[in-house]
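*Asks:* After the structure tokens below, expect a handful of questions from me.
Derivation of every value follows stated rules applied to the coordinates shown; laboratory data play no part. Just so it is clear, the structure is predicted and the values come from calculations on it, not from any experiment. Positions of Cβ are generated from backbone atoms using ideal geometry, with glycine treated the same way; all protein chains shown enter the neighbour counts.
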Amino acid sequence: MSSIGLRRLKELERGDYEGITYLDTYFLKRRVAGDESLHFHELIHVVQWRLLGAEFFIAMYAGGLEKFGYRNNPLEKIAYDAQELFDRSTAVFDAEKFVSDRLSAL
Ligand SMILES: [Zn+2]
């Protein structure tokens, strides 16, 4: 990803994150493999990749990172908000619709 020349993406690639998603595949560190909440967070990114398409996802993610940093990157905010909903939810919710609605509101 840093081949598009964005400094922050280089940092991200080097960064020590628990998980990362590329297209429809995500990777988690072994030590967090049992963390259901984190699996859910990465699955939200899978939905984002699919809804936005690879090129647009990367452009949006990189732009968000440049502008707002990691945690406030709009795509991360959606993932963290969905994750929080998942964590405290006792009822079923439509995660794909949640992501789709939030993306439309950006
Ligand atoms: Zn994330």
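*Asks:* For residue 94 and residue 70, FRET efficiency with R0 = 30 Å and r from the beta-carbon atoms, rounded to 0.05?
*Replies:* 0.65
*Asks:* Output ³J(HN,Hα) for the stretch 66-77: one whole-Hz value per residue in order, computed from phi by the Karplus curve 6.51 cos²θ - 1.76 cosθ + 1.60 with θ = phi - 60°, and x for Gly and Pro.
*Replies:* 4, 7, 10, x, 4, 5, 9, 4, x, 5, 6, 4
*Asks:* Hey, could you get me the Stokes-Einstein D for the stretch 29-106, Kirkwood radius over alpha-carbon pairs, 20 °C and 1.002 mPa s, rounded to whole µm² s⁻¹? Write out the running numbers ahead of the final one.
*Replies:* Numbers: Rh = 13.0 Å.
In µm²/s, the coefficient rounds to 165.
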